[in-house]
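All of the numbers you see were taken from the coordinates with simple rules; none came from a lab. Quick caveat: nothing in here was measured; it's all calculated off a predicted structure. Note that each Cβ is placed from the backbone with ideal geometry, even for glycine, and that neighbours are counted across all protein chains shown.
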Amino acid sequence: MAKILIYSAKDTLALELLSAARLIAGETGAEIVALTINDDDQGRILANVGAHVYRVNAPDLVMADVAAVADVIAQGVQQLGAGVVLLSSDRRGKELAGSVAQFIEAGCITDISAIQVNNGRIECQRNALGGATVATQYIEGDKQVLAIAPKAFPAASGEGGSISELQITVKPSGIKVRETKTKDSDSVNIEEAAVIVAAGQGLRSKEDLAMVEALARSLGGVIACSKPVATDKKWLPEDRVIGLSGKQCKPDLALLFGISGQVQFTVGIRDAKTIVAVNTDENATINQMADYILTADMHEVIPELNRLLG
Ligand SMILES: Cc1cc2nc3c(=O)[nH]c(=O)nc-3n(C[C@H](O)[C@H](O)[C@H](O)COP(=O)(O)OP(=O)(O)OC[C@H]3O[C@@H](n4cnc5c(N)ncnc54)[C@H](O)[C@@H]3O)c2cc1C
């Protein structure tokens, strides 16, 4: 089988891709190569856990130019003789996946939550029908671009890797970066949080978010929400939304307050290890997936929890 090439700009996701690649390689015997682009630190991190890293140093490459980065990856695929490309299914990774697939004329699957290999065929699981079901999909043909959801695989460990240089040609970019702004200091990635405290439309007012935030802080977690809380009420930014059009989260603990449990929401939280649902409606759909259910008013429960934890 042709080689498996992995690439993610994020170290944690690149380590997860390495685990996914090892699963495939274990069944197919394919060789794994890791690409890093303008990131020597990542090269060392991956090599330290046993990856054979090909490092691209291209100071002229505009990293914000998805097509240009995809072109670099495509050149890596060609030079290294790779067939399967594993990318991360975060926002940037998904953008890259389509472009890389186009460049190397491959099939492409994104949002992959699990992989199994049957007779050399890489079968990928991903949500389908608005999250109501999980579909198993595979690509026929040797050229495949697979974008894997964060946390679908554990970070790889190991030793005995190597680092080599890869020479590529950077095509002139039509994009000029005029200014770079760092994200707000309170910006967090809820996908990576171990504890999530989420509020839904059961929350009475924006002011009541303070008590939810205080609880999240006490538990060392982050605050998140259902979609309407962000998009309709605009009480929280959209990067806090859990679900189909938000983030796929896999925390150890999820406390869900005033959330009904529509499938478009639950698809983003069903992989949490422990789910606690607090809802005034004893028949709320969310109760069907919760490990612990409290039929109560969140405006009474949260202050009481804050009092006990404070
Ligand atoms: C294409 C598409 C994509 C979507 N993507 C997403 C997505 O990514 N994420 C998402 O969340 N939604 C998404 N939605 C919307 C989704 O279908 C639901 O409308 C949404 O999840 C409902 O949010 P909610 O549970 O907060 O509100 P509601 O459904 O209104 O539920 C509020 C709940 O709060 C309870 N409650 C009321 N008062 C209290 C109280 N005082 N204490 C405790 N409980 C109380 C109620 O009993 C109720 O169960 C999407 C919809 C579509 C069509």
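For the stretch 163-209 and the stretch 235-290, what is the centre-to-centre distance using only Cα atoms, to the nearest Å? One Cα centre to the other: 21 Å. When each of the peptides 113-123, 207-217 is scored by the mean number of other C-beta atoms lying within 10 Å of its residues, the order from highest to lowest reads 207-217, 113-123. In percent, rounded to a whole number, the relative contact order of the chain is 15, using alpha-carbon pairs under 8 Å and six or more apart. Dipole size of the stretch 3-165 about its Cα centre, with +1 on Lys/Arg Cβ and -1 on Asp/Glu Cβ: approximately 360 debye, rounded to the nearest 20.
Dividing the mean sequence gap of close Cα pairs (under 8 Å, 6+ apart) by how many residues the stretch 190-309 holds gives a relative contact order of 25 percent.
Magnitude of the charge dipole for the stretch 190-309, about its Cα centre and with charges confined to Cβ atoms of Lys, Arg (+1) and Asp, Glu (-1), is about 240 debye.
Roughly what % of DSSP beta bridges within the stretch 3-165 run antiparallel, to the nearest 5? Mind dumping the intermediate values first?
Values: 10 of 35 bridges.
Restricted to the stretch 3-165, the bridges split so that about 30 percent are antiparallel.
Average projection, convex hull of the Cα set of the stretch 3-165: 8.8 square nanometres. Take every Cα pair under 8 Å whose residues are at least 6 apart in sequence, average their separation, divide by the length of the stretch 107-260, and the relative contact order is 20 percent.
Counting every pair of alpha carbons in the stretch 213-299, the share spaced more than 19 Å apart comes to 33 percent.
Remark: the chain carries a charge dipole of roughly 320 debye about the Cα centre, counting +1 on each Lys and Arg Cβ and -1 on each Asp and Glu Cβ. Excluding same-chain neighbours fewer than eight residues apart, the aspartates and glutamates reachable from K250 by a Cα-Cα span under 13 Å are E191, E192, D271. With the highest mean first, a sort of the peptides 56-67, 139-150 on other beta-carbon atoms found within 10 angstrom per residue produces 139-150, 56-67. Here's the picture: charge each Lys and Arg Cβ at +1 and each Asp and Glu Cβ at -1 in the stretch 84-146, and of S113, C124, V85 the one pushed furthest to the positive end of that dipole is S113. Counted over the chain with a bin width of 20 Å, the fraction of Cα pairs per bin, in whole percents, is 31, 50, 18, 0. Among beta bridges identified by DSSP and lying wholly in the stretch 79-155, the antiparallel ones come to about 55 percent. Per-residue ellipticity at 222 nm computed for the chain from its helices equals -8500 deg cm²/dmol, with DSSP H segments shorter than 4 residues left out and the rest contributing -39,500 (n - 2.57).
Beyond 32 Å in Cα-Cα separation lie the following of the pairs K10/K143; K143/K234; K227/K273; K151/K233; K234/K273; K181/K273: K143/K234; K181/K273.
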